[in-house]
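Undergrad: Questions regarding the structure given below will be posed in turn.
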């Protein structure tokens, strides 16, 4: 019986060391989705959609990935208020055409139902990106003012 208690306790401790850090790490990154899954989640959770179009060869896409998408404030705000979708425009050119993407990175915003709100082309540093995210979240685009 004593051996069983020790085994159970050991398993529990291993669980804590293995599973809990992975959950904590997940909170430290943007919860990216594919396009179809993102649309479904947005309807289910009643959240707007943010789409980031990128490509492996795009320098400003990599810069946004390394600087903007790792900022803790950006991660928290995006995960709390949007369904984030990431699309490689080279691998999914039909979606690039659908959203009329002409340059990268491209930042597209959709309603909860998948209807276009607008876009903000190009690289955005963390501060500027948070301003745009807040503007769209608060639906300032409907009022025509910032």
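Undergrad: Over all directions, the average projected area of the alpha-carbon convex hull for the range 31-143 comes to how many nm²?
TA: Value for the range 31-143: 6.4 nm².
Undergrad: Something else: FRET efficiency for residue 125 and residue 46, Cβ-Cβ distance as r, R0 = 30 Å, nearest 0.05?
TA: Rounded to the nearest 0.05, the efficiency is 0.55.
Undergrad: Where in the range 110-145 is the amide nitrogen less than 11 Å from a point lying 7 Å along the Cα-to-Cβ axis of residue 71?
TA: 124-134
Undergrad: Multiply the residue gap between residue 90 and residue 56 by 0.36 nm, knock off their C-alpha separation, and tell me the result in nm, one decimal place.
TA: So the extension gain works out to 11.4 nm.
Undergrad: What is the calculated FRET efficiency for residue 36 to residue 112, with r their C-beta to C-beta distance and R₀ = 22 Å, to the nearest 0.05?
TA: 0.90
Just so you know, all these numbers are worked out from the coordinates, no wet-lab data involved. It should be emphasised that the depicted structure is a prediction, and the values quoted were computed from it without experimental measurement. Quick reminder, even Gly has a Cβ in these numbers, built from the backbone with ideal geometry, and neighbours come from all protein chains shown.
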